Number of protein chains: 2
Amino acid sequence: MADTSSRRPRRRAKQPTIAEVAREAGVSAITVSRVLNTPESVRETTRRRVEAAIETVGYVPNRLAGSLASAQSRFIAVIVPSLSNIVFTEVIQGLQATFEARGYQILLGNTDYDLQREDQLVSTFLGWSPAALVITGLRHSEACGRRLRQWEGPIVEIMELGTAIDLNVGLDHLKAGRCMAGHLRERGYRRVVYVGAQMARDYRARLRYEGHCEVLAAAGLEAPLLDMDQLGQFETGARALDQVLATHPEAEAIHFANDDLATGALLHANRLGIAVPQRIAIAGFNGLAIGQHVTPRLTSIASPRERIGRRAAQAVLARLDGEAAVDGPLDVGFTLMAGEST
Amino acid sequence: MADTSSRRPRRRAKQPTIAEVAREAGVSAITVSRVLNTPESVRETTRRRVEAAIETVGYVPNRLAGSLASAQSRFIAVIVPSLSNIVFTEVIQGLQATFEARGYQILLGNTDYDLQREDQLVSTFLGWSPAALVITGLRHSEACGRRLRQWEGPIVEIMELGTAIDLNVGLDHLKAGRCMAGHLRERGYRRVVYVGAQMARDYRARLRYEGHCEVLAAAGLEAPLLDMDQLGQFETGARALDQVLATHPEAEAIHFANDDLATGALLHANRLGIAVPQRIAIAGFNGLAIGQHVTPRLTSIASPRERIGRRAAQAVLARLDGEAAVDGPLDVGFTLMAGEST
DNA sequence: CGGTTCAATGTTAGCGCTAACATCCATTGT
DNA sequence: ACAATGGATGTTAGCGCTAACATTGAACCG
């Protein structure tokens, strides 16, 4: 059966160009270009003729050529640390929705939390002359920071707040950590373990831990940390619960770095018949949907992920439209969602 | 505080071009191009000199120009129906990992299950002369199908199996529907309701339902369908459970179109104190991680999502490398995961 | 020692489009 | 009636790079 020949012909079947359309419509190439880019500058009758010609020859504009000639493209480079984390896919959705509505396409890169890869991606992407760059976090390798500062287009750093290269949309993770720790203190928990996963890479989780520590220290309490070295998934959360129960039997609550871990732990507790929050309270971060469907409902902090994407996109679009620049970071805030798990 | 001027200068600070590098290295432009693209065709000493020059002037290749000149780009257009569904983000991850390792970038589009939008996206993307196109599903609008067939690059249609335009990687949804229905029959369930969400759009779910129907019909049983008109999320699953219990009180099992719905229903049953599977059995589709962490574990069919992405990418790369064409669709299969929920 | 070969490098001519300027011609005001 | 105006369209010259062909010169041969 296996035919070795390619199933499709590989003739470089030249797509029709703007010149063919022009000939067909009896106008010059630039008029076709105008119909495509600034239709209001072409007389209605001419425009219609050109549009008909486009239809007839089946013309699809070559954006590479267009972008090269005009030195501006219609895509947005987006760099995230991970795609397996639903958090980032929700941000991407927000970006997508806003950008696509305005005719921009998303060029997606994934660093796997590796700053070296980040630099490489930035470099590659800048070669595509994107209209703008959306990048996760404020910390970059030195080389990458230089590259970014040198580039002249809009850059948004998202997820966290601070001193940005250009635009900044995010939330204050330190404050979020404080908020949850404060909530746990209010509920009367004194022995609280913070559990993260691969925190060496995820420094936003480290920031939240710092906030957590501040609050506990202020109350004269210790803030033990358990850093799991697996990925932050359900399974890891379950194992973390086992580990905390074994090594910190006196613990009254666990503050997880994210909802995946927390949910994994909570479901594991359900399985083992461990009462939450009576035996041990559980809190997470992100406010994922699943947290509201487990029993007891998970206490968490909702991060407005899609909103981050939307606001970031809006900030970029405003800049591209030449509107007055946004000044300073945009804080999208967060919301404490107190469930029954604490 | 608010300064109205843009925070960054907008000088078109011309990036250095290949010509500058050439001057710096004392060679011609094409030699620089060769160092970049076919380094083995340049003498070592020259290469080193050019590499040093690239470093000195801080050259970043302009891929738009390169792609235009060579009529081939290094990106892959990927079109999925949704980003909110974790299924597709996992596929994208598989694609990403494989393509990025080979220096290809992903241009991402989202149709929201709208064939019109799909056509529009295809048209836009083809204008970028991508190296290949990855598109979800086998059904496209007529115009879109024409466009695709006309295009000369590799196209992979993913997720389902059948008569494809070019390459095809997926699984047989009809068979999957039969498989799960068969499993439910084996466990002795006779009154089984199939629950989907927005099935008018999600025809892969419809295919599974068809398979489901076949099996039940063969046993002389009815196959009632409940099509929820909300998105397929946890909440919808919970509501669907309520509805089934109210309108089909005799139902012994529910076959959900996906794990989100099924998990939502299962957790809702937990909340209400409804015994699963004693009072009602629950089955899903996709084999998401969450299903293995709820109690009872969810019976589902694991679709190898990341694998679909990887295999699709491999097929494309093989084609781009000019290797013998894969013949016929590639079936990635599926696995029945029997949990305690049935 | 002239001729052949071949690896390394250079020259030329676009890729398809758009910016910038040029031209044309119908309208307007005086 | 004629200059001034301005909207519609055209001409020219690249954008930065690479394909294709051209050239160079060192190594090798009979």
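Structural remarks
- Qualifying residue in the stretch A:113-135 (condition: at pLDDT 95 or above and either β-branched (Val, Ile, Thr) or under 9 Å from the mean Cα position of the chain (by Cα) (or both)): yes
- The listed residue being under 16 Å from residue A:120 (Cβ atoms), more than 10 Å from chain A (Cβ to nearest Cβ) and of a type in the set (Asp, Glu), out of B:55, B:100: B:55
- Residues in the stretch B:84-104 that are more than 8 Å from the chain's Cα centre (by Cα) and open to solvent by 10 Å² or more (accessible area, probe 1.4 Å): B:84, B:85, B:86, B:93, B:97, B:98, B:100, B:101, B:102, B:103, B:104.
- All conditions but one from (1) buried (at least 24 other Cβ atoms within 10 Å of the Cβ); (2) away from chain B (no Cβ under 11 Å); (3) part of a helix (DSSP H, G or I) apply to residue A:265; the one that does not is (2).
- Of all residues in the stretch B:155-185, exactly one satisfies the criterion of being in contact with an Asp or Glu (Cβ under 6 Å, 6 or more places away or on another chain), in a loop (DSSP other than H, G, I, E, B) and within 10 Å of another protein chain (Cβ to nearest Cβ), namely B:164.
- Residue match in the stretch B:244-259 (condition: under 15 Å from residue B:281 (Cα atoms), surrounded by fewer than 19 Cβ atoms within 10 Å (Cβ to Cβ) and free of Cβ contacts under 8 Å to residues at least 24 places away in the same chain): yes
- Taking each residue of the stretch B:198-226 that is under 22 Å from residue B:245 (Cα atoms) and looking for partners that are part of a helix (DSSP H, G or I) and of a type in the set (Phe, Trp, Tyr) with beta-carbon atoms closer than 7 Å, six or more apart or interchain, yields B:225/B:209.
- Consider the stretch B:20-57 and keep the residues that are of a type in the set (Asp, Glu) and in contact (Cβ under 8 Å) with a residue 24 or more places away in the chain. The one that is nearest to DNA strand D (Cβ to nearest atom) is B:20.
- Among the conditions (1) small (Gly, Ala, Ser); (2) under 30 Å from residue B:15 (Cβ atoms); (3) in contact (Cβ under 8 Å) with a residue 24 or more places away in the chain; (4) away from chain B (no Cβ under 14 Å), residue A:71 misses just one, which is (4).
- Those residues of the stretch A:18-45 which are surrounded by fewer than 16 Cβ atoms within 10 Å (Cβ to Cβ) and either under 42 Å from the mean Cα position of the chain (by Cα) or more than 12 Å from DNA strand C (Cβ to nearest atom) (or both), in sequence order: A:19, A:26, A:29, A:30, A:37, A:38, A:39, A:40, A:41, A:44, A:45
- Residue count for the stretch B:291-310, restricted to those that are open to solvent by 10 Å² or more (accessible area, probe 1.4 Å) and within 12 Å of chain A (Cβ to nearest Cβ): 7
- Yes/no for residue A:118 being more than 16 Å from DNA strand D (Cβ to nearest atom), facing chain B (nearest Cβ under 10 Å) and surrounded by 20 or more Cβ atoms within 10 Å (Cβ to Cβ): no
- Scanning the stretch B:268-290 for residues that are surrounded by fewer than 18 Cβ atoms within 10 Å (Cβ to Cβ) and under 20 Å from residue B:185 (Cα atoms) returns B:275, B:278, B:279.
- Test result for residue A:184, more than 30 Å from residue A:277 (Cβ to Cβ) and either open to solvent by 30 Å² or more (accessible area, probe 1.4 Å) or of a type outside the set (D, E, K, R) (or both): no
- Members of the stretch B:191-214 found to be touching a Lys or Arg at 6+ places or on another chain (Cβ under 6 Å) and either outside any helix (DSSP H, G or I) or among the hydroxyl-bearing types (Ser, Thr, Tyr) (or both), listed by number: B:199
- The numbered conditions (1) open to solvent by 10 Å² or more (accessible area, probe 1.4 Å); (2) closer than 30 Å to residue B:118 by Cβ are all true for residue B:59 except (2).
- Filter result (closer than 25 Å to residue B:257 by Cβ and open to solvent by 10 Å² or more (accessible area, probe 1.4 Å)) within the stretch B:311-331: B:311, B:329, B:330, B:331
- For the stretch B:62-83, the candidate set comprises residues that are open to solvent by 50 Å² or more (accessible area, probe 1.4 Å) and closer than 30 Å to residue B:114 by Cα; within that set, the residue that is nearest to DNA strand C (Cβ to nearest atom) is B:72.
- Here residue A:131 passes the criteria (1) within 8 Å of chain B (Cβ to nearest Cβ); (2) open to solvent by 10 Å² or more (accessible area, probe 1.4 Å); (3) closer than 16 Å to residue A:315 by Cα except the one numbered (1).
- Of all residues in the stretch B:218-241 being assigned to a helix (DSSP H, G or I) and open to solvent by less than 70 Å² (accessible area, probe 1.4 Å), the one that is nearest to the other protein chains (Cβ to nearest Cβ): B:234
Condition check ((1) within 25 Å of residue B:224 (Cα to Cα); (2) touching a residue at least 12 places away in the same chain (Cβ under 8 Å); (3) touching a Ser or Thr at 6+ places or on another chain (Cβ under 9 Å)) across all residues:
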{"site": "B:261", "(1), (2), (3)": "yes, yes, yes"}
{"site": "B:268", "(1), (2), (3)": "yes, yes, no"}
{"site": "B:298", "(1), (2), (3)": "yes, yes, yes"}
{"site": "B:303", "(1), (2), (3)": "yes, yes, yes"}
{"site": "B:314", "(1), (2), (3)": "no, yes, yes"}
{"site": "B:318", "(1), (2), (3)": "no, no, no"}
{"site": "B:339", "(1), (2), (3)": "yes, yes, yes"}
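The values are calculated or read from the model by the stated rules, or taken from the named source; none is laboratory data. Remember, it's a predicted structure, so these values are computed and weren't measured experimentally. Cβ: placed from backbone, ideal geometry, glycine included. Neighbour counts: every protein chain shown. Ligands, DNA and RNA are excluded from the accessible area calculation, which covers all protein heavy atoms including side chains. Shrake-Rupley method; radii C 1.70, N 1.55, O 1.52, S 1.80 Å.
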